[in-house]
Amino acid sequence: MCPHGSGTRIVSRCRGRQQDGTMLSMARMHRLDQKKWQGIRIITLALLLGCLLVGPAAAEQPAAPLPNIHIIATGGTIAGTAPDKEDLLRYEPGILGVAALIASVPELGHYANVTGEQFCNLNSDDMTPAQWLNLSRRVNLLLSSPEVDGIVVTHGTDTLDETAYFLNLVTLSKKPVVVTGSMRPATAISADGPLNLLNAVQLAGSTEAEGKGVLIAMNGEILGARDTEKTSTRRTDAFASPDFGRMGYLDDGKPTMYRVSTRAHTADSIFNVSELTELSRVDIVTVYPGMDTVAIDAYIRAGTQGLVIDALGNGEYPEVIHPVLQAAALKGIPVVIASQAGTGITTPKDPLFIPADTLSARKARILLMLALTQTQNRDRIATLFRTY
Ligand code: ASP
């Protein structure tokens, strides 16, 4: 056997021995040497030819083009600033513009050709249904261009889940739309905005995100717009889907998806709001022990066109409000029953009322506003709640 080791000396010491250690005759060694050199010549020639044919082509192979991702900035803590790096709580949201957000993460350019625009610069608590309509019009216009491969919306976290669900229902394209924000202002020690923005751009530029509905990229997680809620006032893992869990992770610069929503969205949605400038007024009534009908009466007087009852348990409420709700439903004001419980469906006892399915009251309000663009019929609205 050849001794282990490296270098020509060891190779020459092994010469004349086969692997099993038997000696070879000199004539046979000569013949083997001749054959070996012939073999080496043929292999070298083939390699040279290969280099000539394949080499230049491989060297010139163009790198896959980067996707074109457009960032629409709307404000929030991700664009917020405080005078002090340590100040994570007392800051002003919606201060930095989109150019500053993009400039703060030069690594975006490793994953996409990034462009941006300022849609508004708000604390997201000041978002309105009229703003949602304008935003969706802008998103649809941008996505209709072959120049845009995906969109990232930066947003305040307080209503990020609502804007994401609205866009999930009215975006007419399968191209990725990803919403992100941050829990700490841009000036904070360990601000979470830059990584969230990078993750959002990585996700929006990935084929994994195509046709999955509007997605939320926060804290290294991918969440679906329909089922996600803000569940923490301060923590960086502020978003969760308590019923169904996250859809995937963003690690090492790439998204991995593990599940999708089976509910209709984006290109499969029937809601086309491109011509609308306003939506029907829909109000949410929070249920609690000892409540009366004052709020419901006031909403009806104010001309509400739909009520979402944020009920207790499996859609329950004090008996005292039942006659008022029943009268509203009989008058043609749809009454949708959601629950404060956080997970699960509701099964209202009164067949006049519409179950919110697993939607929170805030999400049910969005779907009811869009449903009212199609119909006021109780059964048709109930079908839409089972579909979206
Ligand atoms: N109030 C802020 C907003 O929603 C909170 C945040 O962005 O985290 O705009």
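What follows is calculated from the coordinates using simple rules that are stated; it is not laboratory data. None of the values given here were measured: they were computed from a predicted structure. Please note: Cβ atoms are built from the backbone with ideal geometry, for glycine as well, and neighbour counts cover all protein chains shown.
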Label model pair Arg235, Thr373: point-to-point distance (7 angstrom along the Cα→beta-carbon line) in nm is 3.6
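For the range 131-240, state the semi-axes of the equivalent ellipsoid (square roots of 5 times the eigenvalues of the alpha-carbon gyration tensor), sorted largest first and rounded to whole angstrom. Each step should come with its number before you reach the end.
On the way: eigenvalues 101, 42, 31 Å².
Ellipsoid half-lengths, sorted descending, are 23, 14, 12 Å.
Sorted from fewest to most neighbouring beta carbons within 10 Å, what does the list Glu275, Glu316 look like?
Glu275, Glu316
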Taking max minus min of the Cα coordinates of the range 282-387 on each principal axis, largest first, gives extents in Å of 34, 31, 22
Under 16 Å Cα to Cα from Lys349, which aspartates and glutamates show up? Leave out anything in the same chain fewer than 8 places away.
Asp310, Glu316, Glu319, Asp357, Asp379
Long-range amide H partners of Ala225, meaning residues 5 or more apart or on another chain whose placed amide H is closer than 5 Å, are Val214, Ile216
For the range 129-135, 3J(HN,Hα) per residue [Karplus equation, 6.51 cos²θ - 1.76 cosθ + 1.60, θ = phi - 60°, Hz, x = Gly/Pro]
x, 5, 5, 4, 4, 4, 4
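Let me check I've understood the local charge: for Thr231, count other residues with C-beta under 13 angstrom from its C-beta, Lys and Arg +1, Asp and Glu -1. What total comes out? Before the final figure, lay out the partial values.
Working: positive: Lys230, Arg234, Arg235, Arg246, Arg362; negative: Asp158, Asp161, Glu221, Asp227, Glu229, Asp237, Asp243.
Combined, the nearby Lys, Arg, Asp and Glu give -2.
Using 1/(1 + (r/R0)^6) with R0 = 41 angstrom and r between the beta carbons of Asp297 and Asn123, what's the FRET efficiency to the nearest 0.05?
Numbers: r = 31 Å, r/R0 = 0.75.
For R0 = 41 Å, the calculated efficiency reads 0.85.
Can you tally the net charge around Ala264? Count Lys and Arg as +1, Asp and Glu as -1, for every other residue whose Cβ sits under 14 Å from the Cβ of Ala264.
Working: positive: Lys174, Lys212, Arg226, Arg263, Arg386; negative: Asp227, Asp268, Asp357.
Within the 14 Å Cβ shell, the charges total +2.
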What one gets for the range 68-268 as the Kirkwood radius, inverse of mean 1/r over different Cα pairs in Å, is 16.2
Taking amide H atoms as placed 1.01 Å from N in the peptide plane, list the residues 5 or more away in sequence, or in a different chain, whose amide H sits under 5 Å from that of Ile71.
Thr115, Gly116, Glu117, Val152
Projected-area average for the range 74-143 over all orientations - Cα convex hull basis, square nanometres
5.7
Exposure proxy order (Cβ contacts within 10 Å, fewest to most) of Tyr165, Tyr91, Tyr288:
Tyr288, Tyr91, Tyr165
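Tell me, Phe239, Phe271, Phe244 in order of fewest to most beta-carbon neighbours within 10 Å? Let's see the in-between values first.
Values: Phe239 25, Phe271 22, Phe244 17.
Arranged by neighbour count, lowest to highest, Phe239, Phe271, Phe244 become Phe244, Phe271, Phe239.
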If you restrict to DSSP beta bridges whose two residues both lie in the range 68-268, what percentage is antiparallel, to the nearest 5?
40
